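Each reported figure results from applying straightforward, stated rules to the coordinates on display, with no laboratory input. Bear in mind the structure is a predicted one, so any value in this text is a computation, not a measurement. Here Cβ is always computed from backbone atoms with ideal geometry, including for glycine, and neighbour counts include all displayed protein chains.
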Amino acid sequence: MFRPELVLQIEVEVNKLIETGFIREVKYPSWISNIVPVNKKNGQIRVCIDFRDLNKACPKDDFSLPIIELMVDATTGHEAMSFMDGSSRYNQIRMSPNDEECTAFRTPKGIYCFKVMPFGLKNANATYQHAMQNIFDDMLHKSVEYYVDDLVVKTKSRCYHLEDLRIVFEMLRKFDLKMNPLKCAFEVTSGNS
């Protein structure tokens, strides 16, 4: 199935997914994808799942993604902005229990499926975008812009920015969404160029 030197590395990566609660063992799934180990620059491997056949079998979700240029234009004239990036991206969205077993994949340890949305599904961007639309609907284009897992909190008058951030963080907590602190920039002011 895998070269012997890769089995240990694959098992380490699968164990990480088990420990984070992203996957669970499954018996007798009707659909099984294969692991494709990909070498990273540091010599480690990334465990990718080949969802090509599953993606072909699934209908496309046509929920539209925003146009980046319009998002950038929508931040014009705001005195303060905070930029945030979702941690673990799609993995923050739970799979429908009915769909979990469709993501089954074969490992040296057994067969597992995702309890959270994995990378590689063709509808992952649309699903994440739709979730963000539902969460931030009343704030969208007023104090919030987002593109999949990138979130911008914008405030016309800098003195209200902390209040806008407080509201956004309340929503993030309510829906158990986490941001990556290493990829966030808070209360950035727009300069004149």
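What percent do you get for the relative contact order of the stretch 82-193 when only Cα pairs under 8 Å and 6+ apart count?
RCO, the stretch 82-193: 37 percent.
Sort out for me the Cα centre separation of the stretch 144-181 from the stretch 3-76, rounded to whole Å.
27 Å
Short version: ³J(HN,Hα) in whole Hz for each residue of the stretch 180-189, in order, from phi by Karplus 6.51 cos²θ - 1.76 cosθ + 1.60 (θ = phi - 60°), x for Gly and Pro, what are they?
Listing the rounded values in order: 8, x, 6, 10, 10, 9, 9, 6, 7, 9 Hz.
I need the phi-derived Karplus couplings for the stretch 3-16: 6.51 cos²θ - 1.76 cosθ + 1.60, θ = phi - 60°, integer Hz, Gly and Pro marked x.
Running phi through 6.51 cos²θ - 1.76 cosθ + 1.60 with θ = phi - 60° gives 4, x, 5, 8, 4, 4, 5, 5, 4, 4, 5, 5, 4, 4 Hz.
What is the extension gain from LEU65 to ASP137, computed as 0.36 nm multiplied by their sequence separation minus the C-alpha to C-alpha distance, in nm to one decimal?
Extra length from LEU65 to ASP137 when fully extended: 24.5 nm.
Please name whichever of ASN39, ILE49, PRO59 sits farthest to the positive end of the charge dipole of the stretch 24-63, dipole taken about the Cα centre and charges placed at Cβ: Lys and Arg +1, Asp and Glu -1.
So the residue we want is ASN39.
Could you work out the helix-only [θ] at 222 nm for the chain, with each DSSP H run of four or more residues adding -39,500 (n - 2.57) and the total divided by the number of residues, to the nearest 500 deg cm²/dmol?
Value at 222 nm, helices only: -9000 deg cm²/dmol.
Where a Cα-Cα gap under 16 Å defines reach, which lysines qualify for LYS56, not counting those fewer than 8 residues away within the same chain?
LYS122
I need the phi-derived Karplus couplings for the stretch 51-68: 6.51 cos²θ - 1.76 cosθ + 1.60, θ = phi - 60°, integer Hz, Gly and Pro marked x.
Using θ = phi - 60°, the values come out as 8, 4, 5, 4, 4, 5, 7, 8, x, 7, 8, 8, 4, 7, 8, x, 8, 3 Hz.
LYS183 to ASP50: extension gain in nm, 0.36 nm per residue of separation minus the Cα-Cα distance?
My answer for the length gained is 45.1 nm.
Longer than 22 Å from Cα to Cα, which of LYS16/LYS40; LYS16/LYS174; LYS16/LYS60 are they? Say none if no pair is.
LYS16/LYS174; LYS16/LYS60
So who's got an amide H within less than 5 Å of the one on ILE111, skipping anything under 5 residues away but keeping other chains? H placed 1.01 Å off N, in plane.
Amide H neighbours of ILE111: VAL26.
For SER30 paired with ASP73, estimate the spin-label separation in nm (one decimal), with each label point 7 Å from Cα along the Cα-to-Cβ line.
4.6 nm
Using packing as a proxy for protection, rank 109-118, 62-71 so that the peptide with the highest average count of other Cβ atoms within 10 Å comes first.
Highest mean packing first, the order is 109-118, 62-71.
Just want the answer: with Cβ charges of +1 for Lys and Arg and -1 for Asp and Glu, which residue in THR103, GLN92, MET139 is farthest toward the dipole's positive end in the stretch 75-144?
THR103
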